[in-house]
Amino acid sequence: MAQTQNSTLNTQNSILEVRGLKKYFPIYSGLFAQRVEGWVRAVDDISFSIRRGETLGLVGESGCGKTTTGRCILQLDRPTAGEVLFEGQNLARMADAALRPLRRQMQIVFQDPYSSLNPRMTIGQILSEPIRVHRISPDGRRYEDRVAELLSVVGLNPLMAGRYPHELSGGQRQRVGIARALALEPKFIVCDEPISALDVSIQAQILNLLEELQERFGLTYLFIAHDLSVVRHISDRIVVMYLGKVVEIADRQELYENPLHPYTKALLSAVPIPDPLVEAKRERVVLGGEVPSPLNPPHGCIFHSRCPIAVEECSQRVPEIREVRPNHRAACIRV
């Protein structure tokens, strides 16, 4: 499902386009007369598109802006600048009232199944709430039928509708979170690290469930994660982020076999290989220093302070993300 990525985004068959997206958070000082001392550049001018029916993986280390990107796409956080086009409609310019009908088509599965479910509501109430809010069915009996159907779809016993979240395991709670996302029959779902808080034995089950649901309902996913082995398993294409910027976009197989950006190479070299002979022979890319603060990012290329192949020009020039190979884009002047 790879998509050609040129300097101008290819909009053919895209369900979602992100253009020049920025999200800056203000830093205030002063107890009473608060003033803005600076801005945290959580997301800093990124662009990509998602084709209908595909899974786009969004990867990077903690704090790079992955979750903020997902929240800005869904307008849970309003962007500072840029466009988010969902089926041609710019969500960033819409008022809340105009957004409400579109929210049925866009949902999210949160990272933490322990904090994303209301502990005072039963599972049945949690799943029926979005249906009631959007007034899909006025018949109370239909709510019960829909809740039972949703629980069955995600592999849970419909009798669990009467239980509270604390009575379920972590994997069961995340299945409830997925069922809630499906309640309004969306077209697009943001999966914000949906397995990172789960036991390893449960992670594969949730991934398989997401793939089955995608095939069954024709869903499109933005899958946010920091585990590259997980992203390789579920994604069609992958976007790599570093310090609020996109540094590489490529088809899954192409990215893992022929990474171009030095940051991507470093990420991939940290993924363990189960074969000890291959693991012993492969080249390691060890990055020096610490991740710079998004409050004061480096001038020029944001990665140059840790890059093993950086030259003087890297500290002065901001590299544009460009197509280096067919369907493979990178933001580096050295490739």
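Among the residues of segment 183-197, those that are touching a helix residue (DSSP H, G or I) at 6+ places or on another chain (Cβ under 6 Å) and closer than 16 Å to Arg132 by Cβ comprise Ala183, Leu184. Only a single criterion out of (1) touching a strand residue (DSSP E or B) at 6+ places or on another chain (Cβ under 7 Å); (2) at pLDDT 95 or above; (3) surrounded by fewer than 18 Cβ atoms within 10 Å (Cβ to Cβ) is not satisfied by Ile108, namely (3).
Assess whether Tyr114 counts as being over 16 Å from the mean Cα position of the chain (by Cα), assigned to a loop (DSSP other than H, G, I, E, B), aromatic (Phe, Trp, Tyr) and more than 24 Å from Ser229 (Cα to Cα). Taking the combined requirement at face value, the residue satisfies it.
For segment 39-67, give me the residue count where each residue is under 27 Å from Phe217 (Cβ atoms) and not in a loop (DSSP other than H, G, I, E, B). Break it down stepwise before answering.
Pass one, segment 39-67, residues under 27 Å from Phe217 (Cβ atoms): 48-59, 66-67.
Add one more test, that the residue is not in a loop (DSSP other than H, G, I, E, B), and what stays is 48-51, 55-59, 66-67.
Summing the residues that are under 27 Å from Phe217 (Cβ atoms) and not in a loop (DSSP other than H, G, I, E, B) in segment 39-67 gives 11.
Checking Pro119, Pro79 one by one, the residue that is buried (at least 18 other Cβ atoms within 10 Å of the Cβ), at negative phi and touching a helix residue (DSSP H, G or I) at 6+ places or on another chain (Cβ under 9 Å) is Pro79 and no other. Taking first residues from segment 179-207 that are at pLDDT below 90 and partners that are part of a loop (DSSP other than H, G, I, E, B), the Cβ contacts under 7 Å between residues at least 6 apart in sequence or on separate chains come to Ser196/Gln111; Ala197/Gln111; Ala197/Asp112; Ala197/Pro113. When segment 321-333 is examined, which residues are found to be touching a residue at least 40 places away in the same chain (Cβ under 8 Å) and either farther than 25 Å from Ser49 by Cα or not basic (Lys, Arg) (or both)? Residues satisfying the conditions are Ile321, Glu323, Val324, Pro326, Asn327, His328, Ala330, Ala331, Cys332. From the list Gly171, Gly155, the lone residue that is in contact (Cβ under 8 Å) with a residue 12 or more places away in the chain, surrounded by fewer than 22 Cβ atoms within 10 Å (Cβ to Cβ) and outside any helix (DSSP H, G or I) is Gly155. Is it the case that Gln75 is touching a residue at least 24 places away in the same chain (Cβ under 8 Å) and not β-branched (Val, Ile, Thr)? Spelling it out, Gln75 is indeed touching a residue at least 24 places away in the same chain (Cβ under 8 Å) and not β-branched (Val, Ile, Thr). Applying the criterion of being modelled with pLDDT of 95 or more and under 26 Å from Arg325 (Cα atoms) to the residues of segment 6-43, the residue that is surrounded by the most Cβ atoms within 10 Å (Cβ to Cβ) is Val43.
Is it true that some residue in segment 80-101 is in a loop (DSSP other than H, G, I, E, B) and under 26 Å from Ile178 (Cβ atoms)? Checking segment 80-101: at least one residue is in a loop (DSSP other than H, G, I, E, B) and under 26 Å from Ile178 (Cβ atoms).
One residue stands out in segment 289-311 among those that are over 29 Å from Val36 (Cα atoms) and either in contact with a strand residue (DSSP E or B) (Cβ under 7 Å, 6 or more places away or on another chain) or not aliphatic (A, V, I, L, M) (or both): the one that is surrounded by the fewest Cβ atoms within 10 Å (Cβ to Cβ), namely Pro308.
Among the residues of segment 222-230, is there at least one that is free of Cβ contacts under 8 Å to residues at least 24 places away in the same chain and in contact with an Asp or Glu (Cβ under 9 Å, 6 or more places away or on another chain)? Scanning segment 222-230, I find no residue that is free of Cβ contacts under 8 Å to residues at least 24 places away in the same chain and in contact with an Asp or Glu (Cβ under 9 Å, 6 or more places away or on another chain), so the answer is no.
The values are calculated or read from the model by the stated rules, or taken from the named source; none is laboratory data. Quick caveat, the model's predicted, so the values are computed rather than measured. Quick reminder, even Gly has a Cβ in these numbers, built from the backbone with ideal geometry, and neighbours come from all protein chains shown.
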